[in-house]
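The values are calculated or read from the model by the stated rules, or taken from the named source; none is laboratory data. Predicted model only: the values in this text are computed from it and were never measured. Quick reminder, even Gly has a Cβ in these numbers, built from the backbone with ideal geometry, and neighbours come from all protein chains shown.
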Amino acid sequence: MTVDTKSIALILVSVLMIALGQVFWKLGTNQTGAGASLIKTITNIWFILGCLMLLGSSWVWILALQRVDLSYAFPFQALAYALIFFFSIFLFKEKITLLKVIGTSLIIIGVLFVAKSK
């Protein structure tokens, strides 16, 4: 299968939606607090938005897989980790460590290698 700009865009949109879904879940758990009931959690607007984002990402991912090989597309999913790392720093003020920076950099480099393989 050939890889075109639309295929890459679909993959990246899916990855972004995955990361945003996780961010929304974190916002929801921050709102409801530790030990919140299941009902309180699943009725939280951030939790609902996170579920919708992850459902949407699955739909976009399927569209991407119709266009490219799984062995090419799947490594891009690792970029969700890198996006979440950045969201965690800027939105949740989480601590940055050298090992996290190195690990995230290696993930990004690995995905770049895969991207260049086509």
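In table form, for the structure just shown:
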| read-out | value |
| --- | --- |
| Residue under evaluation residue 83, criteria (1) surrounded by fewer than 12 Cβ atoms within 10 Å (Cβ to Cβ); (2) aliphatic (A, V, I, L, M); (3) touching a residue at least 24 places away in the same chain (Cβ under 8 Å), criterion not met | (1) |
| Some residue of the stretch 103-110 being surrounded by 13 or more Cβ atoms within 10 Å (Cβ to Cβ), modelled with pLDDT of 95 or more and not in a helix (DSSP H, G or I) | no |
| Selection from the stretch 89-118 of residues that are without any contact (Cβ under 8 Å) to a residue 24 or more places away in the chain and within 19 Å of residue 20 (Cα to Cα) | 89, 90, 93, 94, 104 |
| Selection count, the stretch 1-41, where residues are closer than 22 Å to residue 118 by Cβ and of a type outside the set (A, V, I, L, M, F, W, C) | 6 |
| Residue within the stretch 60-75 that is farther than 30 Å from residue 31 by Cβ, part of a loop (DSSP other than H, G, I, E, B) and touching a helix residue (DSSP H, G or I) at 6+ places or on another chain (Cβ under 7 Å) present | yes |
| The stretch 40-59 - residue that is of a type in the set (Ser, Thr, Tyr) and in a helix (DSSP H, G or I) and, of those, farthest from the chain's Cα centre (by Cα) | 41 |
| Subset tally (residues that are among the β-branched types (Val, Ile, Thr) and either within 17 Å of residue 55 (Cα to Cα) or out of contact with any Ser or Thr (no Cβ under 7 Å at 6 or more places or on another chain) (or both)) for the stretch 30-44 | 3 |
| Selected residue [modelled with pLDDT under 95 and under 20 Å from the mean Cα position of the chain (by Cα)] from 37, 71 | 71 |
| Criterion: closer than 20 Å to residue 13 by Cβ, among the small types (Gly, Ala, Ser) and modelled with pLDDT under 95 - qualifying residue of 115, 80 | 115 |
| Residue list for the stretch 28-71, restricted to those being surrounded by 18 or more Cβ atoms within 10 Å (Cβ to Cβ), over 10 Å from residue 14 (Cα atoms) and in contact (Cβ under 8 Å) with a residue 40 or more places away in the chain | 68 |
